1. Over what distance in Å are the Cα centres of the range 221-244 and the range 335-396 separated?
2. Can you list the lysines whose alpha carbon sits under 29 Å from that of LYS71, skipping same-chain ones fewer than 8 residues off?
3. Ordering TRP64, TRP115, TRP109 by how much accessible area each has at a 1.4 Å probe, largest first, what is the list?
4. Find the accessible area per residue for the chain; the probe is 1.4 Å, ligands and nucleic acids are left out, and the unit is Å².
5. Whose amide H sits under 5 Å from the amide H of ILE202, counting only residues 5 or more places off or on another chain, with H placed in the peptide plane?
6. If you compute Rg and Dmax of the Cα atoms in Å for the structure shown, which of [x] 23.4, 87; [y] 22.9, 72; [z] 25.1, 84 do you land on?
7. With each run of n ≥ 4 DSSP H residues scored as -39500 (n - 2.57), what mean residue ellipticity at 222 nm is computed for the chain after dividing by its residue count and rounding to the nearest 500 deg cm²/dmol?
8. What does the extension gain come out to for ALA381 and ASP270, with contour length at 0.36 nm per residue minus their alpha carbon separation?
Amino acid sequence: MISENAHGPLHGLRILDLSTVIAGPYASTLLADLGAEVLKVELPGKGDGLRDLAPHKNGVPLWWKVTNRNKRGITLDLRKPGAKTVLERLLPGFDVVVENFRPDTLDRWGITKDWMHSINRRLIILRVTGFGQTGPYRNRPGFARVFESMSGFTRMCGEVGGSPLHLGYPISDAVGGLFGAIGILAELSRLRAQPESRGQEIDVSVTEAMLRTLDFLAIEYDQLGATRVGSGNLSQYAAPGNIYRTQDDKWASIAASTQSIYERLCRALDLPALLEDPRFVDNPTRVVHREVLDAMLSERIASLTLQELQQRLDRAHVGFSPIYDASDVMADPHFQAREAIVTVDDDELGPVRMQCVVPRFSETPGRVHSTGPGIGQDNEAVYASLGFNDQEIEEMRLQGVI
């Protein structure tokens, strides 16, 4: 199988994606964006569970188109005895397997690490689960909201004195996918340096990935006995930092997390008295008195239109952004200039727009060349390339293997 994205820095890397929904597929998609060839495996007939999640357009799953972009697609029911015969032919041609079944599930189907390594000893096996391959919670089912809650993240969100708040997007799945992609790249580096080594398993707990992202959470509790709870839009580590309403009923996010930025903010808003106030002399002191400081800033900002505020803060080099929705993102001139949103042709929807490849490489850029594949769209081509003839492919289809 030849990669369609021959210019990305990961051209030549081959990934067999057995995972479902978001975190595992997201990891392989990040690498597909950078040139890796990814073959996505789905259940015959019903496909991946992500296809059922909103939003849809005329029955077409939109989320699927992005989360599994740049992949080819086949069907294979790993629970069927015949699936091992197929995998036995597939595995020699791949560098990485990505899976996110509960621990030991593949083992019960006879697809053990030792069996896979007996076919391809250099194979990297990324295992993405909610709680990891070990520990008392290893077999618990889980979803993003569970992982975010148990990591401490959800408790930090919400209004002061209010209930914890979930975000409108399963951020922990994306974070877990990022850590999975990093793990694959790290293992590839090790194998390159050690040509005789066997590939190893990579155990990604999405809950631990989310916990790791919250850098200050553990050490703050360990050293200060402090636990963070919801503070609304107020920054918990710097002041001022909040979302402010302008005179024309627009919203702006402003953060002044260093002393120099705070001083520039005060001057830009014509509030020089704040620079002399002992309650606001440095960031730790400002955090203690942030409600008072924030009330003063809110009153001043409410006297300015969003355009007036932006002009003042841009001139002062103060971090600022209006609060965007998707329409604002699409219309923003900076995003347009950098082509942060790209257009891709889709067989079902026609031209669709989605986010660009991140990061960007000067000499070997990745690109988005296709949306998420249809269920089993590459079955014939892939299975024929493995040596299965038309009769064998049809027999596997009738048996529900593919």
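1. Using only Cα atoms, the two centres lie 42 Å from each other.
2. Hits, sequence-local ones excluded: LYS40, LYS46, LYS57, LYS80, LYS84, LYS113.
3. Descending order: TRP109, TRP115, TRP64.
4. 51 Å²
5. ILE125, LEU126, ARG127
6. Among [x] 23.4, 87; [y] 22.9, 72; [z] 25.1, 84, the one derived from this structure is [z].
7. Calculated mean residue ellipticity at 222 nm is -11000 deg cm²/dmol.
8. Taking 0.36 nm per residue and subtracting the Cα distance, the gain is 33.2 nm.
The values are calculated or read from the model by the stated rules, or taken from the named source; none is laboratory data. As the structure is a prediction and not an experimental result, all values here were calculated from the model. Positions of Cβ are generated from backbone atoms using ideal geometry, with glycine treated the same way; all protein chains shown enter the neighbour counts. Note: areas computed on protein heavy atoms with side chains; ligands, DNA, RNA excluded. Shrake-Rupley method; radii C 1.70, N 1.55, O 1.52, S 1.80 Å.
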